[in-house]
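For reference, the structure discussed in these notes is given below.
The values are calculated or read from the model by the stated rules, or taken from the named source; none is laboratory data. Not measured: the values here are computed from a predicted model. Every residue, glycine among them, receives a Cβ derived from its backbone with ideal geometry; neighbour counts consider all protein chains shown. Ligands, DNA and RNA are excluded from the accessible area calculation, which covers all protein heavy atoms including side chains. Shrake-Rupley method; radii C 1.70, N 1.55, O 1.52, S 1.80 Å.
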Amino acid sequence: MRPWARVFRRGWVYLVVVPLLVIFLFPYLWLLSGAFKSAREVFAVPPHLIPLHPTLANFSDVLQRPVIRRFFLNSIVITAITLVVNLMLGSAAAFALSIYQFRGRRTIVLATLATQLFPAVIIVIPLYRTWGALGLLNSLQALIITYIAYTLPLAVWMLTGYMRTIPFEIVSAALVDGASRAQLYWRIVMPLALPGLAATAVYVSLVTWNEFIFALTLTTTDEVRTVTVGLYSFIGEFVYNWNLLLAMAVLMALPITALFLCLQRFLVQGLTAGATKG
Amino acid sequence: MADARTRAGAAEAPAGLRLAALQRRFGLAGWLLPAYGVMFGISAYPLMYNLVTSFYGEAPVGHAPPFVGFSNYAAIASDPAFAASVGHTLMWTGGVVALSFGIGLGLALLLNVPFPGVNVTRVLFLIPWLTPSIASAIIWRYMYNTDYGIINLGLQRLGLGFLASGWITNPSVSLFSAMMVQVWRTYGFYMIMLLGALQAVPREMIEAAVVDGARSWQRFWSVVLPQLQPVIVMVLLLDIIWASNNFDTIYVVTGGGPLLSSETVPLYVYFTAFQDSHLPQAAAGSVMLFVIALVLIGAYLAALLRLRGREEAL
Amino acid sequence: MKRVRGTSKNAIPSTPSLTRRRVLALAAGALGAAAVPALRPASTSAAASPSKTVSILDVPINDDLTKQADGVFSKYTQTTGIQVQVDRVPYPEWPDKVITLLNSGAPPDTYWADPAKYPEYVEKGWLEPLDDYIAGSKVIKKDEFLPTAWEKVTYKGKIYGLPKDWSVRGAYYNEDLFNKLKITKVPETVEELKQTALEVKSKDPSLFGYMWPMKTPDTWMFEGLAPIMLPNEAAVVSADGTRSTFNSPAMAETYQFFVDIWKAKAAPEQGMASTNQDLYPLFGGSKVAMMQTGFFVIKAILPKIGPDHYNTFVVKGRGGHYGTPMSVSAFSIPAQAKNKDGAWALLEWMYRPENITAFLVNPSARKPDAPENATRFTDPRYKPFFLAAQEGGKWWITPNPGITDQMRIVLETSQAIVLGQKTIPQGLADGAAAIQKTLKS
């Protein structure tokens, strides 16, 4: 192929991707620019995209607060545990639901969604009572278990969907080879479902990281609060620290972005092994 | 016990197979119980609480609330604001799901191509999805500002001033403006889910199609799309539920909009509970929201059944 | 082309091997996961016996005051040995969390309250009367506080909150803009305020003359409508709380004020979807010549966002009187609190003159010569606010259990009128009827 054509074939993607990126990220650019502005400049009307006097002061201000550092620690712990437990329990349940047939399977699948049909804001009052009765208010346990319960339906639902794309030939071939259920799970289904697992991990960690209502209502002290509560703390009745709030939003995005970059590798894994024979 | 989907090989159910079926069922329970135990354990009380509360009235602390049957439901159903909010919810759900899906699918296809920098690009496109809702809403309100926002200013500079509008101050446009924010926040979900599914399409199938002489459009339609189908069904269903339940975005961007023009059912329920403090009525409203979501799902599944046949629906 | 079938179409006869092991493994895993959090040191919730802890829900004002408040609480612990559990709720979430906690049967022992909600909450039985505590107290002396402050926390003859501070509304104007536009007279009446706003617009169409927030019932009522309605001596509900007086000539005149300014585009349209906080930058950026808000902005907000030269004033209404909405904030004790005596003891500590400043940004509810007030409001720009308050800061709606419904009706009516969807007579008539319905119950 001639060099021109080769460059164009490779390059067309960039021609499309870069403008799209600019359009989609345009609002976020404003967020970024606000994070680098001083308090006076962030309120300027009309606003400028490029800060006239860019500053890192917002970031250092936010990071120097001990409570904020505590919030990050709490959020990381909560998200990590929720994610791991979610993937374990969720993939097991999805495995059963997607590979096997049994009576009541479809009912269970539909019932999984039933818990999703209420916005969190409505559940919060009885949930507060529940944890109060158990004496677990203002604890990381309560938050973690709540988040697991809150995100499991999604995890199960998503993983079921992904596992159902696994071609039946592969599964039956393994069974013909005498695989037990556990072997089927670990050796065949899970590896093939890795992109689905990665996508589900992305979703679960994002929801848990950014969750607000439960984090605020079920906690009373800064010891157990999360980054989202910290974000809201920059809005006061008498002060409206937009520049600090935006800086905090940028900081909050960093751990979750790092996680996404890591999971990238699994998302791109195509099927290279386990194909049907013949 | 046999239905159309039964396994290869179990035509009838002799005693041995029935025992196996029993063992099978309990065996599988071990896989399902931990997850469902947690799910229903935590959500059972709140859901029951809401349901029960909706049938009682209000009473001061220390007095038993009176049983009022369906009168909370009647009060809500006869409130014109509620009917309006249902309409807004339907418009909102349809618009958000359709647009997010379209954009997400397009981006997933685009970013399925392995070009240098594709990994970073994928994460960049996900950034709107990662942003906490309050931060997105602040920025979008900033952009939507009627007098000084960048959208109107930009439109005027481009000579398209007639398109400038009171994005969140004009009742006719406020729901649409909130929808745009939500689409911006949600397309990332579709993108990542569909990308995961696209990546799982076995390469052999695509290569076989190329060998068969299929063009890219045919390849997409006949090979890739069927492979994606379970995932598409799954994400659409999830997003229909989430969109109809969405509260954060609309609340912060428009607060229900001037003259309740962007008030959806979740906001209606929230205001009933937290602004007017009519908690039993809010509980009734949330049950009705549940029913509405069920109806939406039912319609979705029915359409799916008709399109694809029973076996593939779930 | 043959479509490859997914797994759903075919089910697998399962072999019963390893199921027990799998179940055990999963159970162990789940238990382990649940146990790990339990192994971490528990947080300080309810670890001590009930009388040794007291819980308070507060809203942080700014970083300095939060530090001072923490100092007050830790000194209390040092002196009495009682742990103070402080729940600092971000301001936007404060009303929601209060409702959630009061509803839950397990509220904090004391919380920062909004007295406008007292009628509603008292009818629900959520609040504890404080008269006995006050009568027997050696620290809280009733006559040290402003009478209007007690008035604002009293419902049906009983006191339900300890007044903390008060605030009223007054007007600000941008001196530089006035000079630039050659406006020499500072408005003294509502009518002059309107004319000046229109004048600003006509002299410079790129500017706005006046602005108001219209996003939520609270912000509209308090920051937008009441500062014009009260000087005009209009009222939503009668003084005895039984009739709706929404449809009155004075109220019609009040709405005419807003309609005229809106029609002339002398107010930013963005106000329709904004709270006052969203709008302050417009005043700071010299885009709007005048606004009405509380006097805390003088110290808390305007130094950060500008403008460089501004001054304050208050306007009289048609009857020649000032009128301004007065809000009092207070600490209340929920009826279902577990440690009410402990809560009162903590409040007595907090309200000592040397401690109360950690919780104040506005003047305290004690009389102006109280130690915490004496030195803090010396800037001459505070004067008009004190003047208006002296003439009688008023309730924006006579307290009654239906107040939140009424404020919502007022907001919707106002939006409809200003947006031109209803004429003033029509809007007021509809609104009055709806409000009357809320009063009947």
Checking B:L111, B:L107, B:L126 in turn, the sole residue that is in contact with a Leu (Cβ under 7 Å, 6 or more places away or on another chain) and open to solvent by less than 10 Å² (accessible area, probe 1.4 Å) turns out to be B:L111
Residue under question is B:Y49, and the condition is that it be within 25 Å of the chain's Cα centre (by Cα) and either within 12 Å of chain C (Cβ to nearest Cβ) or at pLDDT 90 or above (or both); does it hold? yes
Within region C:164-207, the residues that are among the hydroxyl-bearing types (S, T, Y), over 30 Å from C:K367 (Cα atoms) and open to solvent by less than 50 Å² (accessible area, probe 1.4 Å) are C:T196
Across region A:191-205, the tally of residues that are open to solvent by less than 10 Å² (accessible area, probe 1.4 Å), of a type outside the set (G, A, S) and within 14 Å of A:T151 (Cα to Cα) stands at 3
Per the filter on region A:105-135, residues over 21 Å from B:W242 (Cβ atoms), more than 7 Å from every other protein chain (Cβ to nearest Cβ) and either open to solvent by less than 30 Å² (accessible area, probe 1.4 Å) or among the basic types (K, R) (or both) are A:R105, A:W131
Output for Cβ contacts, cut-off 6 Å, separation at least six or different chains, first residue over 16 Å from C:I298 (Cβ atoms) in region A:235-247, second among the polar types (S, T, N, Q) and not in a loop (DSSP other than H, G, I, E, B), reads A:N243/A:N58; A:L244/A:N58; A:A247/A:N58
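Residue by residue through region A:137-184, note down the ones that are of a type in the set (D, E, K, R) and in contact (Cβ under 8 Å) with a residue 24 or more places away in the chain.
A:R164, A:E169
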Considering residues that are assigned to a helix (DSSP H, G or I) and either of a type in the set (D, E, K, R) or away from chain C (no Cβ under 14 Å) (or both), the number found within region B:140-175 is 7
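At least 3 residues that are surrounded by fewer than 18 Cβ atoms within 10 Å (Cβ to Cβ) in each: list the helices (runs of 4 or more DSSP H) lying fully within region C:352-441 that qualify.
Numbers: elements: C:353-356, C:371-374, C:383-390, C:403-418, C:424-440.
It comes to C:383-390, C:424-440.
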Over region A:152-166, the set of residues under 10 Å from A:A193 (Cα atoms), out of contact with any Gly (no Cβ under 6 Å at 6 or more places or on another chain) and at pLDDT 85 or above is A:T160, A:M163
Pairing a residue in region C:293-321 that is farther than 12 Å from C:Y280 by Cα with any residue that is of a type in the set (A, V, I, L, M) and part of a strand (DSSP E or B), where Cβ atoms lie under 7 Å and the two sit 6 or more apart in sequence or on different chains, gives C:T312/C:A171; C:F313/C:A171; C:V314/C:A171; C:V315/C:A171
Per the filter on region B:171-183, residues more than 14 Å from the chain's Cα centre (by Cα) and not aliphatic (A, V, I, L, M) are B:P171, B:S172, B:S174, B:F176, B:S177
Within region B:247-288, of all residues that are facing another protein chain (nearest Cβ under 7 Å) and under 14 Å from the mean Cα position of the chain (by Cα), the one surrounded by the most Cβ atoms within 10 Å (Cβ to Cβ) is B:P266
Conditions (1) more than 7 Å from every other protein chain (Cβ to nearest Cβ); (2) open to solvent by less than 10 Å² (accessible area, probe 1.4 Å); (3) closer than 23 Å to B:L195 by Cα -> A:I78 fails only (3)
Given the conditions (1) polar (S, T, N, Q); (2) away from chain A (no Cβ under 11 Å); (3) under 26 Å from B:M91 (Cβ atoms), every one holds for B:S244 apart from (2)
Check your understanding: Within region C:236-257, is even one residue in the same structural domain as C:T184 (by TED's automatic domain parsing) and in contact with a Lys or Arg (Cβ under 6 Å, 6 or more places away or on another chain)?
Key -> yes
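One line per residue, one yes/no per condition, for (1) more than 7 Å from every other protein chain (Cβ to nearest Cβ); (2) open to solvent by 10 Å² or more (accessible area, probe 1.4 Å); (3) not hydroxyl-bearing (S, T, Y):
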| site | (1), (2), (3) |
| --- | --- |
| A:L137 | no, yes, yes |
| A:I144 | no, no, yes |
| A:V156 | no, no, yes |
| A:F168 | no, yes, yes |
| A:A182 | no, yes, yes |
| A:W186 | yes, yes, yes |
Of the residues in region B:135-162, those that are surrounded by fewer than 18 Cβ atoms within 10 Å (Cβ to Cβ) and among the small types (G, A, S) come to B:G154, B:G159, B:G161
